[in-house]
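Everything on this sheet refers to the single structure shown next.
The values are calculated or read from the model by the stated rules, or taken from the named source; none is laboratory data. Note that the coordinates shown come from a computational prediction; the quantities given were computed from them, not determined experimentally. Cβ placement follows ideal geometry from the backbone for every residue including glycine, while neighbour counts extend to all protein chains displayed. When the accessible area is computed, the model is the full protein with side chains, heavy atoms only, and any ligands, DNA or RNA have been set aside. Shrake-Rupley method; radii C 1.70, N 1.55, O 1.52, S 1.80 Å.
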Amino acid sequence: MNDRLKWKPDGGRTETLELKGQSVTYRAFRNIPYVEHPVCPEHQKMNIFVPEEYFRGESVNGLTVETAPIFLPNAVGAYAAGRADAPGMNFRSWGRDQINALFVALQKGFVVAAPASRGRNSVKESGETAGAAPACIVDLKAAVRFLRHNRDVIPGNTERIISDGTSAGGALSALLGVSGNSADYEPYLREIGAAEERDDIFAAICFCPIMNLEHADMAYEWLLDGLNDYHSLRFRVNEEGTVVGEPYAGTLTPEQEQASRELRAMFVEYVNGLHLCVNGTQELSLDAQGDGTFKDNLVRYLMASAQRALDEGADLSAAPYVTVEGNRVTGFDLRAHMERLQRMKPVPAFDDWEGISAENELFQTETERFRHFTEFGLAHDTGGRSLAEPELIHVMNPMEYADGQNSDVARHFRIRYGTTDCHTSWAIPMIFAETLKQKDPSLDVDFQLAWDKSHCGDYDMDDMFAWAKEISLAD
Ligand code: DHB
């Protein structure tokens, strides 16, 4: 069975790429289908890149062809289809002047497997939709299975698969990390002819994950409560397949202000219902005003972020909401910081009442292009749209798998969210990180708020790949 998914690593091309005065030489294998029955062949294939040294029996950065981790970057933005990426400059709108993580990974001795994946804009040749949830995560799982299926011929260690993604891609990296081998995805994987293999991964790198969608509207109103002017983006996929954000701005209507208050109250209830604890004892909770230990915990992450920046020589005088005494950060005024940042998204931030968000489109069907994924969104709907099936919402949310009850959870997570990024509430990645830590204290969960970073990823690649190498060789 699955013989068509047995890969023969012939046909590779040796390429040398020079960028910004740096150079890397690797063997490139492109356009490898990773499922037997692709519905969108363009988005169900991957590229594999291998440091050329490994074909000469040499080591790179202390790694060998046997020990090299496999770096698995997805190229998903705004829940659209992702390309099979290649070493080069970052293709994302915010990173075009930045060498991408694939290039750096190869320099540092990682094998790179870069899968394309379907997204909300994918269509079959027949014109039917092909990218509704959970296609994007199913494809990434199929790519992992393909690598395992070819463990004997793929250079690198298929037990050290490390995924990486940013924004919607960060959410998918998180989901790949927590949902390993869950039976929930099995029918979808079977349908596209994925290899019959395990799909758990070793580690997940998640930059600004736009995740936990069914609680993201509430979390947003808790953080941005009372800030009524918004400057948002509507995401469109251009002819090159790149996601572009078109700006729009406005002020909340009285109805939106009322909804903001309701969502904020719902968030308090949600947080208190999670019974999150830090250090095994202190429960993270919120009072009716939205204050409490949960908020204090977020402020601690912000202070730690400011402290790291200070230690690295940053001038924090432009951040009057940070209190510095000597060379210690001793206070952080969250409200003042938010007032400076301002609200990005309107109310609701994700489950749009007119049903036009990227996330609404993620839950499309053949006959309904946009659907809701919260009862609150449905209750405010302006145009007869329906609610996605609970099972679909479930398989898209990493929070649903974080306890490992029905899945094999990665051992390592590296989660980053920028302190000037208002695409989702900072509570969202913090809840994910604290949940992982609480459910299994033996997990390595490295969560930081990244000082002065907006909505972007792969910005600290030296640290990121040093961490990835260390955990890969240590376990
Ligand atoms: C992305 C950004 C968003 O604001 C969002 O709602 C979904 C995805 C992104 O950049 O991928």
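Here are the numbers:
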{"quantity": "Loop-located GluC sites (Glu not before Pro) in the stretch 98-196 whose Cβ has at most 12 other Cβ within 10 Å (DSSP)", "calculated": "125, 128"}
{"quantity": "Computed label-point distance, nm, for sites residue 126 and residue 442 using a 7 Å Cα→Cβ extension", "calculated": "4.8"}
{"quantity": "Contour excess over end-to-end distance, with Cα ends at residue 283 and residue 30 and 0.36 nm allotted per residue", "calculated": "86.1 nm"}
{"quantity": "Hydrodynamic radius by Kirkwood, which averages 1/r over all alpha carbon pairs of the stretch 56-155, in angstrom", "calculated": "15.0"}
{"quantity": "Taking all pairs of distinct alpha-carbon atoms in the stretch 321-475, Kirkwood radius in angstrom", "calculated": "18.6"}
{"quantity": "Filtered GluC sites (Glu not before Pro), the stretch 41-83: DSSP coil and at most 13 other beta carbons within 10 Å", "calculated": "58, 66"}
{"quantity": "Unit charges on C-beta of K, R, D, E only; dipole of the chain, Debye", "calculated": "1120"}
{"quantity": "Heavy-atom SASA rank of 186, 361 (probe 1.4 Å, accessible area, largest first)", "calculated": "186, 361"}
{"quantity": "Extended-chain gain in nm, criterion 0.36 nm per residue less alpha-carbon gap, residue 249 and residue 97", "calculated": "52.0 nm"}
{"quantity": "Distance violations [Cα-Cα > 26 Å] among 295/453; 345/453; 45/345; 295/437", "calculated": "45/345"}
{"quantity": "The stretch 431-475: Cα Rg divided by the 2.2 N^0.38 Å rule of thumb", "calculated": "1.36"}
{"quantity": "Sites residue 269 and residue 356 - FRET efficiency at Förster radius 30 Å, r taken between beta-carbons, to 0.05", "calculated": "0.60"}
{"quantity": "Principal axes of the stretch 1-127: Cα extent on each, largest first, Å", "calculated": "47, 42, 21"}
{"quantity": "Computed over the stretch 95-245, Cα set: Rg, Dmax in Å", "calculated": "17.5, 57"}
{"quantity": "The chain - mean residue ellipticity at 222 nm from DSSP helices (-39,500 (n - 2.57) per run, n ≥ 4, rounded to 500)", "calculated": "-9000 deg cm²/dmol"}
{"quantity": "Spin-label pair residue 55/residue 366, simplified geometry with 7 Å Cα→Cβ offset, distance in nm", "calculated": "4.5"}
{"quantity": "HN-Hα J in Hz across the stretch 221-231 - Karplus 6.51, -1.76, 1.60, θ = phi - 60°, x for Gly and Pro", "calculated": "6, 5, 6, 10, 3, x, 9, 9, 9, 10, 9"}
{"quantity": "Amide H within-cut-off set for residue 323, under 5 Å, with H built and near neighbours excluded", "calculated": "330, 331, 332, 333"}
{"quantity": "Rounded accessible area of residue 359 (nearest 10 Å², 1.4 Å probe)", "calculated": "20"}
{"quantity": "Computed label-point distance, nm, for sites residue 394 and residue 262 using a 7 Å Cα→Cβ extension", "calculated": "2.7"}
{"quantity": "Value of Rg/Rh across the chain [Cα atoms, Kirkwood radius]", "calculated": "0.96"}
{"quantity": "Accessible heavy-atom area order of 394, 37, 149, highest first, probe of 1.4 Å", "calculated": "37, 394, 149"}
